[in-house]
Amino acid sequence: QPKDSLKQMIDINKSVCTNTFNNMNMIHDQMEKVINLYIDQSSGMSEEGKKAAKEWASMYRKGFEDFKKLVDANFEKMEAFFQEKK
């Protein structure tokens, strides 16, 4: 059935996206720890610079989470579409 095949493709894509987001999140967590450690121990960096770097990391985190929510919402819409048609 074409609908079943399409639903399977969507499920595979959702799984790939979820795994990719989880991996990216783990990498970001590790990099954020390293950067924060470096910033906190850096004597040549001004307090303003340290604050800016930490804000940048925070903005990246928020953007990443917002993007993931958007992707998840769109996958939910696709799943709802296929459930309604059965």
- Item | Residue in the range 21-44 that is under 11 Å from the mean Cα position of the chain (by Cα) and touching a residue at least 40 places away in the same chain (Cβ under 8 Å) present | yes
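In the range 59-75, is there at least one residue being among the hydroxyl-bearing types (Ser, Thr, Tyr) and exposed (fewer than 12 other Cβ atoms within 10 Å of the Cβ)?
no
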Taking the range 76-86 and the residues there that are of a type outside the set (Asp, Glu) and at pLDDT below 90, the one that is most open to solvent (accessible area, probe 1.4 Å) would be Lys86
Filtering the range 38-50 down to residues that are outside any loop (DSSP other than H, G, I, E, B), modelled with pLDDT under 90 and either open to solvent by 80 Å² or more (accessible area, probe 1.4 Å) or of a type in the set (Lys, Arg) (or both) yields Tyr38, Asp40, Gln41, Glu47, Lys50
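Look through Lys50, Lys3 and report the one residue that is in contact (Cβ under 8 Å) with a residue 40 or more places away in the chain and over 10 Å from the mean Cα position of the chain (by Cα). First the steps, then the outcome.
On the way: Lys50 fails: in contact (Cβ under 8 Å) with a residue 40 or more places away in the chain.
Matching residue, one of Lys50, Lys3: Lys3.
The values are calculated or read from the model by the stated rules, or taken from the named source; none is laboratory data. A quick note: this is a predicted structure, and the numbers were derived from the prediction, not measured. Note: ideal-geometry Cβ built from the backbone for every residue, glycine included; neighbour counts use all protein chains shown. The area values use the complete protein model at the heavy-atom level, side chains included, leaving out ligands, DNA and RNA. Shrake-Rupley method; radii C 1.70, N 1.55, O 1.52, S 1.80 Å.
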